[in-house]
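What follows is one structure encoded as structure tokens, with my remarks underneath.
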Amino acid sequence: MTDGTAALSAVIDLDLPGPVISRHLYGHFAEHLGRCIYGGFWVGEDSSVPNEGGIRRDVVEALRKLSIPNLRWPGGCFADEYHWTDGIGPRDERPRMVNTHWGDVEENNHFGTHEFMALCELLGTEPYVSSNVGSGSVHETSEWVEYLTRDGDSPMARLRRENGRDEPWKVRFWGVGNEPWGCGGNLRVEQFAPLARQHATYARNHGDNQLYRIAAGAADDDYHWTATLMREITSRLGDPAPRELYQAVSFHYYTFGGVWSEKGSATRFTRDEYWTTMSRALRVRRYIAGHAAVMDAYDPTKKIGLALDEWGTWWDVEPGTNPGFLYQQNAMRDALVAAVHFDAFHDHADRLRLANIAQTVNVLQAMVLTDEDRLVLTPTFHVFAMNRGHHDAQALAVRPRGEQAVREVDGSDIPTVSASASVKDGRATVSVTNLDPDAPARVELDLRGRAVTSVTGQVLASDDVADHNTFDAPTAVEPRDFHAFETSGASLTLTVPPGAFVVLDVQLA
Ligand code: AHR
């Protein structure tokens with residue numbers, strides 16, 4: 001709105017903190033897909049690209065700035081054809097396989113369990129391992145957990161030592177299956193649920209390593225899947241003292257502008273396509289609420305978490321690249337999609353405990369793109385960096401006061417401003433996104449309950465929502481200091497540029 005009317009006028013009660021926004025809502029995903037692992041994270045020890053034991057130094061250095069809390073691996077669809085024992089031992093002796101899902105290329109298994117755990121250590125992140133249900137066995141799952149986490153003398157602990165690692169690793173996040181309704185076996189939930197019970201039973205806690213088991217879940221708004229899975233994993237089947245089988249169930253939701261067979265270009269799109277994309281991105285809020293409501297019926301005290309362990313934009317691949325590699329550019333529009341997802345995540349932090357953007361490097365909505373030895377940060381990277389203040393902070397409700405600006409898109413009204421807030425260690429973080437690519441948004445916030453001593457801000461904005469960073473122009477879209485705000489007592493008024501994302505750091509007395 002350009003007439004001085006606020007696009008959003010809202011109250012934030014700074015003294016009423018809500019649930020903790022788990023930092024694990026800022027998780028990542030690295031699949032053996034295209035150039036995510038090979039060429040992205042992994043170049044091998046003999047590469048001319050500077051590396052640490054085969055892992056790219058520049059990628060690690062960039063990603064460490066995001067304080068990535070967890071990294072999901074090895075898939076995705078790939079997880080359900082991955083046999084972990086192929087990825088241990090001397091690299092030149094490891095069996096090869098065909099990556100049938102992604103490009104039909106040969107996988108040499110040079111990046112396996114030890115390499116992944118080394119990557120996690122370099123990134124300072126927790127591993128999230130996805131185990132194979134689609135083509136794997138309960139036995140494989142059981143032995144992989146033992147190999148990773150068991151101390152003392154056991155067959156798998158001995159094998160790990162033979163492969164050079166004495167101490168067990170700490171592994172918390174353990175995924176059972178991936179999209180079992182599709183690439184993970186084409187199963188009905190009624191078929192998957194018993195398998196999920198079985199795999200979880202043998203994914204043991206060894207020593208003091210406590211697994212956080214995540215059952216593979218629904219697509220989009222398939223609430224039948226979530227309801228059935230919840231019923232099956234929480235029912236007791238006569239066991240008088242069962243251990244908790246699962247700590248979370250997942251679902252996946254991707255945003256694209258067109259139809260599945262023609263998703264649209266990452267950088268060339270019309271205004272109508274832009275608005276359709278934003279409207280679809282905002283659906284995530286409804287889907288999280290829907291799955292959470294279903295879970296409430298089976299788990300009213302919210303012991304079991306919801307995990308959106310794949311989300312992000314999915315466009316047609318960049319012209320001239322392998323269609324099976326899912327390499328896409330990343331524009332300011334993608335950054336705005338990420339920003340509105342985070343607002344929804346923060347508002348549902350009571351149930352949503354983990355989320356993983358797909359994917360971290362060179363695939364789908366990536367943080368970094370690489371080309372040989374070059375690297376570029378995407379606009380999405382900057383949203384993750386700017387929102388770090390929300391990690392493990394307590395959510396603050398942003399309560400609209402009066403009418404909010406909306407726009408009709410594909411027959412429904414969507415808000416043109418999205419916002420969320422949190423508080424931690426005497427400072428509040430407020431994120432505001434102006435979805436309108438053609439007009440600035442005036443936003444009035446009434447910050448109540450605690451005195452504000454100072455405000456600073458950063459903005460991610462560009463001339464057009466299609467703008468993006470390239471290897472030749474790597475800083476076309478990057479954050480700048482933000483000064484377009486005024487404070488007066490408890491009132492904070494800001495003007496957010498068209499199609500821009502702002503984060504305010506509010507110091508409290
Ligand atoms: O992230 C790419 C793919 O999308 C994953 O492998 C799969 O789980 C999903 O369909």
Among the numbered criteria (1) assigned to a loop (DSSP other than H, G, I, E, B); (2) at pLDDT 95 or above; (3) within 26 Å of Asn186 (Cα to Cα), which one does Thr85 miss?
(1)
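Which count do you get for residues in the stretch 245-269 that are aromatic (Phe, Trp, Tyr) and not in a loop (DSSP other than H, G, I, E, B)?
Filtering the stretch 245-269 for residues aromatic (Phe, Trp, Tyr) gives 246, 251, 253-254, 256, 260, 269.
Narrowing the set further to residues that are not in a loop (DSSP other than H, G, I, E, B) leaves 251, 253-254.
Number of matching residues: 3.
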Could you list, ordered by first residue, the pairs with Cβ atoms under 8 Å in which the first is in the stretch 219-235 and on the phi > 0 side of the Ramachandran plot and the second is at pLDDT 95 or above and of a type outside the set (Val, Ile, Thr), at least 6 apart or interchain?
Asp220/Phe251; Asp220/His252; Asp220/Tyr253; Asp220/Tyr287
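Would you be able to tell me the number of residues in the stretch 1-56 that are among the acidic types (Asp, Glu) and within 30 Å of Leu354 (Cβ to Cβ)?
Here is the first cut: in the stretch 1-56, the ones among the acidic types (Asp, Glu) are 3, 13, 15, 31, 45-46, 52.
When the remaining residues are screened for being within 30 Å of Leu354 (Cβ to Cβ), the result is 13, 15, 31, 52.
Adding up the residues that qualify gives 4.
Yes or no, residue by residue, for (1) among the hydroxyl-bearing types (Ser, Thr, Tyr); (2) touching a Phe, Trp or Tyr at 6+ places or on another chain (Cβ under 8 Å); (3) not assigned by TED's automatic domain parsing to the domain that holds Leu377:
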site	(1), (2), (3)
Glu403	no, no, yes
Val406	no, no, yes
Leu445	no, no, yes
Phe482	no, no, yes
Thr495	yes, yes, yes
Leu504	no, yes, yes
Does Val11 satisfy being away from the ligand (no atom under 16 Å from the Cβ), of a type in the set (Val, Ile, Thr), surrounded by fewer than 21 Cβ atoms within 10 Å (Cβ to Cβ) and outside any helix (DSSP H, G or I)?
yes
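If you go through the stretch 50-74 one residue at a time, how many are out of contact with any Gly (no Cβ under 9 Å at 6 or more places or on another chain) and part of a loop (DSSP other than H, G, I, E, B)? Steps first, please.
Filtering the stretch 50-74 down to residues out of contact with any Gly (no Cβ under 9 Å at 6 or more places or on another chain) leaves 50, 52-53, 55, 57-58, 60-63, 65-66, 73.
Checking the rest, the ones that are also part of a loop (DSSP other than H, G, I, E, B) come to 50, 53, 65-66.
Adding up the residues that qualify gives 4.
For the stretch 91-194, which helices (runs of 4 or more DSSP H) that fit wholly inside it have 3 or more residues that are modelled with pLDDT of 95 or more and touching a His at 6+ places or on another chain (Cβ under 9 Å)? Explain how you work it out, then say what you get.
Details: elements: 113-123, 138-149, 155-162.
The qualifying helices (runs of 4 or more DSSP H) are 138-149.
Specify the residue that is nearest to Phe192 (Cα to Cα); the eligible residues are those in the stretch 105-114 that are open to solvent by less than 10 Å² (accessible area, probe 1.4 Å) and not small (Gly, Ala, Ser).
Just the residues of the stretch 105-114 that are open to solvent by less than 10 Å² (accessible area, probe 1.4 Å), to begin with: 107, 109, 111-113.
Now restrict to residues that are not small (Gly, Ala, Ser): 107, 109, 111, 113.
On the way: Glu107: 27, Asn109: 28, Phe111: 29, Thr113: 26 Å.
Once the filter is applied, the top-ranked residue is Thr113.
How many of the residues in the stretch 119-136 are of a type outside the set (Phe, Trp, Tyr), under 23 Å from Pro69 (Cβ atoms) and crowded, with 17+ Cβ neighbours inside 10 Å?
As a first pass, look at the stretch 119-136 and keep what is of a type outside the set (Phe, Trp, Tyr): 119-127, 129-136.
Filter once more, keeping what is under 23 Å from Pro69 (Cβ atoms): 119-127, 129-131.
Subsequent filtering for residues that are crowded, with 17+ Cβ neighbours inside 10 Å retains 119-120, 122-123, 125-127, 129-131.
So the answer is 10.
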Taking the stretch 67-104 as the search range and keeping residues that are open to solvent by 50 Å² or more (accessible area, probe 1.4 Å) and within 16 Å of the ligand (Cβ to nearest atom), which one is nearest to Ala355 (Cα to Cα)?
His101
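Within the stretch 459-474, can one find any residue that is part of a loop (DSSP other than H, G, I, E, B), farther than 25 Å from Ala366 by Cα and open to solvent by 10 Å² or more (accessible area, probe 1.4 Å)? If you could, list the steps in order and put the result at the bottom.
Of all residues in the stretch 459-474, those part of a loop (DSSP other than H, G, I, E, B) come to 461-467, 469-474.
Okay, now just the ones that are also farther than 25 Å from Ala366 by Cα, so none.
No, the stretch 459-474 contains no residue that is part of a loop (DSSP other than H, G, I, E, B), farther than 25 Å from Ala366 by Cα and open to solvent by 10 Å² or more (accessible area, probe 1.4 Å).
Applying the selection to the stretch 312-339, what residues are buried (at least 24 other Cβ atoms within 10 Å of the Cβ) and within 13 Å of the ligand (Cβ to nearest atom)?
Once the filter is applied, which keeps residues that are buried (at least 24 other Cβ atoms within 10 Å of the Cβ) and within 13 Å of the ligand (Cβ to nearest atom), the stretch 312-339 yields Gly312, Thr313, Trp315, Leu326, Gln328.
Go through the stretch 397-451 and report how many residues are outside any loop (DSSP other than H, G, I, E, B), open to solvent by 50 Å² or more (accessible area, probe 1.4 Å) and touching a residue at least 24 places away in the same chain (Cβ under 8 Å).
Step one: filter the stretch 397-451 for residues outside any loop (DSSP other than H, G, I, E, B), giving 398-400, 406-409, 412-415, 417-424, 427-434, 441-448.
Then drop every residue that is not open to solvent by 50 Å² or more (accessible area, probe 1.4 Å), which leaves 399-400, 406-408, 412-413, 424, 427, 442, 444, 448.
If we keep only those that are touching a residue at least 24 places away in the same chain (Cβ under 8 Å) as well, we get 399-400, 407, 412, 424, 427, 442, 444, 448.
Of the residues in that region, 9 qualify.
Going by the structure shown, is Trp144 buried (at least 20 other Cβ atoms within 10 Å of the Cβ) and away from the ligand (no atom under 16 Å from the Cβ)? Before you say what the answer is, go through the steps one by one.
On the way: buried (at least 20 other Cβ atoms within 10 Å of the Cβ): yes; away from the ligand (no atom under 16 Å from the Cβ): yes.
For Trp144, the condition - buried (at least 20 other Cβ atoms within 10 Å of the Cβ) and away from the ligand (no atom under 16 Å from the Cβ) - is met.
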Determine, yes or no, whether Gly290 is small (Gly, Ala, Ser), under 28 Å from Thr228 (Cα atoms) and buried (at least 24 other Cβ atoms within 10 Å of the Cβ).
no
Taking the stretch 168-178 and keeping residues within 14 Å of the ligand (Cβ to nearest atom) and either touching a Gly at 6+ places or on another chain (Cβ under 6 Å) or open to solvent by 30 Å² or more (accessible area, probe 1.4 Å) (or both) leaves Gly177, Asn178
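Of everything in the stretch 45-61, what is open to solvent by less than 10 Å² (accessible area, probe 1.4 Å) and at positive phi? Give them in sequence order. Before you say what the answer is, go through the steps one by one.
Of the residues in the stretch 45-61, the ones open to solvent by less than 10 Å² (accessible area, probe 1.4 Å) are 54-56, 59.
Answer for the stretch 45-61, where residues must be open to solvent by less than 10 Å² (accessible area, probe 1.4 Å) and at positive phi: just Gly54.
Is it the case, given these coordinates, that Glu115 is assigned by TED's automatic domain parsing to the domain that holds Trp169 and within 16 Å of the ligand (Cβ to nearest atom)?
Working: assigned by TED's automatic domain parsing to the domain that holds Trp169: yes; within 16 Å of the ligand (Cβ to nearest atom): no.
No: the conditions fail for Glu115.
The values are calculated or read from the model by the stated rules, or taken from the named source; none is laboratory data. Because the structure is a prediction, the values reported are computed rather than measured. All Cβ positions, glycine included, derive from the backbone under ideal geometry; neighbour counts span all protein chains shown. Please note that ligands, DNA and RNA were not included when accessible areas were found on the heavy atoms of the full protein model with its side chains. Shrake-Rupley method; radii C 1.70, N 1.55, O 1.52, S 1.80 Å.
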